[in-house]
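Please read the structure below before turning to the comments.
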């Protein structure tokens, strides 16, 4: 059924070619670097020289174990926060539902290294919390639970949005059926809604897992305080401390990729174990069920999570941006706008850095979205063999830390034999961002394709629509919201990307991330935080405008379907 | 904002089309960014030669050079660690050049292939609002008054911190590290990570702070004092080198000449670094006024052993 529907022709080879350039080639060079230590100088001498020493070391075992601990911890903590909130949001009438959605979007706009710095400034001894209340939470912050706490507050929105969207798509329709047959509301949720939402949930859990094990800033800054090393910090150490050891960095990245691919395989098994076509052409109705006496506690939970994830970090960022000096503390006499003035006068290039990053973010989002749709279409509606390979390749960058992707891109595109190269132009940053972030649109789009029942397309074909027209009129409107959401994600993350940009930015170019990092590096924490604050505002407002466009689009799509 | 966005997008399209302006001299440099930019702008204004700048930590600069080995891009390299000059010279990667402007640079800050841009010294950065007594020497920070209030850059991650550890242990002060450890001193991260907790008051002092960053913070009004311990400290000269692979040696030499010119050295001095030239006024104590620990050129050969015994002292 599924196999026969795809338009044959150039889509498949085109997609494969794009994937090879964007993902496969840089990773081939990482692999080469792991095997041949001298590849950077163009030599294949001493293969496998590093393998044993690196993988047999005690450091490696410890870092790999901590990486797993961190990934699992963040996934669990994020789910505990996100799934109950998503269920309430999707299945009950929640006052201010859109406002909560908006507030939960913000943590994702706050670059994790900035949020972490905000938490440190707030919770360390003599931090903002102690200045206000006399207590500090340093022992908690600088511990494994502290790292998990900070990272979960950053990543739970991924699960929240995927789960609430999916719960809403399943709707109360299916669980209503079970209620008719006598199940209580809790039982209906556990036995019907939650299992049906498995593909979307599993995909978002995997995304959080992958994000957590490749996150650099938070484990580096917090973990350094109590000796908690993960693979990514090990990679960064071998890439930036004397003596520079690129082969070791490449090997550690391969280990990280192995972990991530194992998680990916597990997610695939869960997601494809059963059939999950739950989108039957009808768009979900707004939930009508009332929360009853649980209204107060539910609102309290939403407010508490919103404060911790959005309010607290933003306040810390703003307080630091408004402080004349860090040592002056939260005194009125120490507050002023001079950091913002310095930034807006653009003496140090803050505004051009923002312009560059926003532009790069838009281009990366468009390209990644396009490629994501093509990959999802080829793998979900094309012939089975080959599809799995394409999808697995597209997921590969998920597992690689940004710094390693940057390394692969340099090794690849700085070959002297190349007649033309994007290296040392902004195009190399676009390539890096698309490569690093491609798994996002692929995952979202594949999950969306999976939920669209192929009988909808079959019906269109039966009524004489061509394959292209079917894709355009049936498939695209149904998956468009997911694709757009994924593109917004790419935009936000690309606009603030730090780790790859730092290594690979063309000479003379600053992005938001590298600019802020330089400010911190020079001890201008206040100016760095001022730019961070402006960047958060801008990167929140742009997706907001687009999200409201999505809602209009959804409405017109459902109107179209009603007419159909 | 709108115009910035538009110009940003314009620049973006241009360079995406591969029209990036081919710069005349490409400089890879360790921080501070402000200094790198100021030097580049002034040099271009004076000579008409455009400078393409890549500024990051010494580590990231080295990683990029290493990855670019098959097709080197940089002409001039400025590192924050003198060891770069020594090891690159040994590998034969550097172009010998002695700038005429280097005449006023003391001999120990130049070789055939490298010359200092300026130098920093390591110091104690102490927050006077911390409620602790003012420290005068390294060993003071191991006293009970500073229990759990001291932070130190990791010598495994910071070249200058390593040189301090090596010099102190060379001066027979090995025991100090054990004392610091049992006094709850925190060894974490590279240089910049150490200062912020002291500014906010979470810690009282940095053991081995890179002085010019702390002096700059003080000039901005932060409550921070920079104390040069009486038993002596180490300086970290910042070598400038021309890479042998350069296709543009003449302009690279002109850039070095400019950094060593009066104007260039005044820019260096403005960031609270010591200028390399002795005839340029510094805004801070200079090498001749500081008490230095005896140096040993062979420390990098013993790096592993020194780091191991340091790590053991801290129970890592």
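Just a few scattered comments:
- Cβ-based exposure ranking for B:115, A:28, in which fewest neighbours within 10 Å come first: A:28, B:115
- Contact order for chain B, expressed relative to its length and based on alpha carbon pairs under 8 Å spaced 6+ residues apart, stands at 25 percent.
- Sum of -39500 (n - 2.57) over DSSP H runs of 4+, divided by residues of chain A (222 nm, nearest 500): -22500 deg cm²/dmol
- Among A:93, A:518, a tally of other beta-carbon atoms within 10 Å of each Cβ gives an order, fewest to most, of A:93, A:518.
- The P(r) of the protein assembly as shown has a tail past 47 Å containing 25 percent of all C-alpha pairs.
- Entry note, chain A: relative contact order of 21 percent, from Cα contacts under 8 Å with a spacing of 6+ residues.
- Inter-chain shielding of A:422-428 (mean C-beta neighbours from other protein chains, 10 Å cut-off): 6
- Partner shielding of B:194-207 amounts to 5, given as the average count of beta-carbon atoms from other chains within 10 Å of each residue beta-carbon.
- For the range B:206-316, relative contact order (Cα pairs under 8 Å, six or more residues apart, normalised by length) works out to 25 percent.
- Sequence of A:504, A:474 once ranked by neighbouring C-beta atoms within 10 Å, starting from the fewest: A:474, A:504
- Peptide-level mean, for A:321-327, of C-beta atoms on other protein chains within 10 Å: 6
- The convex hull drawn around the Cα atoms of the range A:58-273, when projected onto a plane and averaged over every direction, covers 14.7 nm².
- Peptides A:133-146, A:361-374 ordered by average Cβ neighbours within 10 Å, highest first: A:361-374, A:133-146
- The range A:48-118-the range B:237-298 distance, computed between alpha-carbon centres (Å): 45
- Mean projected area (nm²) of the alpha-carbon convex hull when the range A:373-484 is viewed from all directions: 8.9
- Rounded tilt (10° steps) of B:33-47 against the dominant C-alpha axis of chain B: 30
Quick note: the coordinates plus some simple rules give every number you see, no bench work behind them. Fair warning: this is a prediction, and the values are worked out from it, not measured in the lab. Neighbour counts run over all protein chains shown; Cβ positions are idealised from the backbone, glycine included.
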